[in-house]
Amino acid sequence: MDKERKLIIAGNWKSNKTVAEGLSLVNDLKRELAAVKEVDIVVAPPFTALESVSKAIIDSNIRLGAQNLSADGYGAFTGEIPAGMLKEFSVGYVILGHSERRQFQKESDALVAKKAAAAHAANLVPIVCVGETLAEREAGITEQIVEGQLGGSLAGLSAEQVERTVLAYEPVWAIGTGKTATSAQAQEVHAFIRKVLTTLHGEVVAKRVRIQYGGSVKANNARELLGQPDIDGALVGGASLEVRSFADIIKNSI
Ligand code: 13P
């Protein structure tokens, strides 16, 4: 697939995989995907598996992501993991503002923006998630919601930082439901996101930002989705937990 921007496909393991299970998965992925150069491949295990997975993927084409970080630095922040600790395990990416955290941990756009700034300060690439709920889509306010989340979650970042940020459009109604947005629905929102980025930071930056689609991405729909002009990759949940399905998503997108 000849794309303007290099594809980035990330597996968000969420709260799944023991250390042993995670190691087994990445060792299989390493074998399956050793020849892939066309796609940036990222796995985002839970914090507890970062160290072992990090060691297992040294010298491979698989990069490491975390699923959250502290908005604050070192210090008295019980239970929080600052960016500096992630760097100890060669983490390169961090998923921020996932709808599950927005919903269950009540994360606000302002908190996501603070975390994104902390990520950039540590040279980590944030993967900032946005997306509407089913009720919001049915009310016809998808664009309003996505625009608000983008403005709020990227607030305070410089144009250079936004350019290095990866965005993920994940319609909440498509996550873990088996209901994928059609490629046309996804492309429409991705194009809209790029339009908002153009307004915020100009055309050059907007053209360089990679925007992943997430929500029930599987091996059999990846090619169609990632073939859309403004879809630059995928953030994969369920299908990233098995070597066959995750490897096939990547291979089918090339
Ligand atoms: P599923 O692929 O399981 O729908 O999850 C998508 C997601 O939330 C990735 O962050």
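Rounded to the nearest Å, what's the spacing between the alpha carbon centres of the range 59-117 and the range 215-254? Just the number, please.
23
Expressed as a whole percent, how much of the Cα-Cα distance distribution for the range 17-108 exceeds 18 Å?
Numbers: 2081 of 4186 pairs.
Across the range 17-108, Cα pairs with separations above 18 Å total 50 percent.
Provide, for q = 0.20 Å⁻¹, the log10 of I(q)/I(0) from a solvent-free Debye sum over equal Cα point scatterers in the range 161-254.
After summing over all Cα pairs, the log10 values are -0.91.
If R₀ is 25 angstrom, what is the calculated FRET efficiency for the pair Ala110 and Val204, using the beta carbon separation as r and rounding to 0.05? All intermediate terms of the calculation are to be shown ahead of the outcome.
Working: r = 27 Å, r/R0 = 1.08.
Approximately 0.40, to the nearest 0.05.
For the range 178-254, which trypsin sites (Lys or Arg not before Pro) are both in a DSSP coil and crowded by at most 15 other Cβ atoms within 10 Å? Can you show the working numbers first?
Working: sites: Lys179, Arg194, Lys195, Lys207, Arg208, Arg210, Lys218, Arg223, Arg244, Lys251; in loops: Lys179, Lys218.
Hits after loop and neighbour filter: Lys179.
Charges only on Cβ, +1 for Lys and Arg, -1 for Asp and Glu: so what's the dipole of the chain about the Cα centre, in debye to the nearest 20?
Working: 28 positive and 30 negative charges, 77 e Å.
Roughly 380 debye for the chain.
Assign one of three labels to the range 126-178, namely rounded, prolate or oblate, based on the Cα gyration tensor with a ≥ b ≥ c the square roots of its eigenvalues; rounded applies when a/c is under 1.5, prolate when it is not and a/b is larger than b/c, and oblate otherwise. Intermediate results must be reported in sequence, preceding the final value.
Working: a/c = 3.99, a/b = 1.75, b/c = 2.29.
Taking the square roots of the gyration eigenvalues as a ≥ b ≥ c, the range 126-178 is oblate.
Loop-only trypsin sites (Lys or Arg not before Pro) in the range 74-174, please: DSSP not H, G, I, E or B, and at most 15 other Cβ atoms within 10 Å.
Working: sites: Lys87, Arg101, Arg102, Lys106, Lys114, Lys115, Arg137, Arg164; in loops: Lys106.
Here the sparse-neighbourhood loop sites are Lys106.
Amide H to amide H under 5 Å from Arg63: which residues, 5+ apart in sequence or cross-chain, H placed 1.01 Å off N in plane?
The list, which skips near neighbours in sequence, is Ile41, Val42, Val43.
Give me the 1.4 Å probe accessible area per residue for the range 50-121, excluding ligands and nucleic acids, in Å². Don't skip to the answer; put the middle values down first.
Numbers: 3470 Å² over 72 residues.
Averaged over the residues of the range 50-121, the accessible area is 48 Å².
What is the magnitude of the charge dipole of the range 70-193 about its Cα centre, with +1 placed on the Cβ of each Lys and Arg, -1 on the Cβ of each Asp and Glu, and no other charges, expressed in debye to the nearest 20?
Magnitude of the dipole: close to 260 debye.
Ignoring ligands, DNA and RNA, what percent of the 1.4 Å accessible area of the chain is carbon and sulfur?
52
Calculate one ³J(HN,Hα) per residue across the range 45-52 by plugging θ = phi - 60° into the Karplus curve 6.51 cos²θ - 1.76 cosθ + 1.60, and present them in order as whole Hz with x for glycine and proline.
x, x, 3, 5, 9, 4, 5, 5
Please give the length that would be gained between Asn16 and Lys179 if that part of the chain were fully extended, namely 0.36 nm times their separation in residues minus their C-alpha to C-alpha distance (nm, one decimal).
On the way: separation 163, 0.36 × 163 = 58.68 nm, distance 2.14 nm.
Length gained, Asn16 through Lys179: 56.5 nm.
Might you work out the accessible area of Asp72 for me, using a 1.4 Å probe with all protein chains in place, and round it to the nearest 10 Å²?
60
If you take the charge dipole of the range 200-254 about its Cα centre, with +1 on Lys and Arg Cβ and -1 on Asp and Glu Cβ, which of Gly237, Leu225, Ile250 is farthest toward its positive end?
The Cα lying farthest towards the positive end belongs to Ile250.
Tell me, Kirkwood radius of the range 76-229 from alpha-carbon pair distances, in Å?
Working: mean 1/r = 0.0625 Å⁻¹.
By the Kirkwood definition, the hydrodynamic radius is 16.0 Å.
Which three extents, in whole angstrom, do the alpha-carbon atoms of the range 33-160 cover along their principal axes, largest first?
Ordered largest first, the range 33-160 gives principal extents of 47, 42, 30 Å.
Relative contact order (percent) for the chain, with alpha-carbon contacts under 8 angstrom and 6 or more residues of separation? Let's see the in-between values first.
Working: 489 pairs, mean separation 52.6, N = 254.
Value for the chain: 21 percent.
At a temperature of 25 °C and a viscosity of 0.890 mPa s, determine how fast the range 52-96 diffuses translationally according to Stokes-Einstein, using the Kirkwood radius over alpha-carbon pairs as Rh; express D in µm²/s, rounded to the nearest whole number.
Answer from the Stokes-Einstein relation: 217 µm²/s.
If Phe47, Phe104 are ordered by their accessible area, calculated over protein heavy atoms with a 1.4 Å probe, which sequence runs from highest to lowest?
On the way: Phe47 85, Phe104 135 Å².
From most accessible down to least: Phe104, Phe47.
Once phi is turned into ³J(HN,Hα) by the Karplus curve 6.51 cos²θ - 1.76 cosθ + 1.60 with θ = phi - 60°, what whole-Hz value does each residue of the range 63-77 show in order, with x for glycine and proline?
9, 9, x, 10, 9, 5, 8, 6, 6, 10, x, 5, x, 8, 9
The values are calculated or read from the model by the stated rules, or taken from the named source; none is laboratory data. Note that this is a predicted model, so its numbers are computed, not measured. Glycine also receives a Cβ, built like all others from the backbone with ideal geometry; neighbour counts cover every protein chain displayed. To get the accessible areas, we keep the full protein, side chains included, count just its heavy atoms, and leave off ligands, DNA and RNA. Shrake-Rupley method; radii C 1.70, N 1.55, O 1.52, S 1.80 Å.
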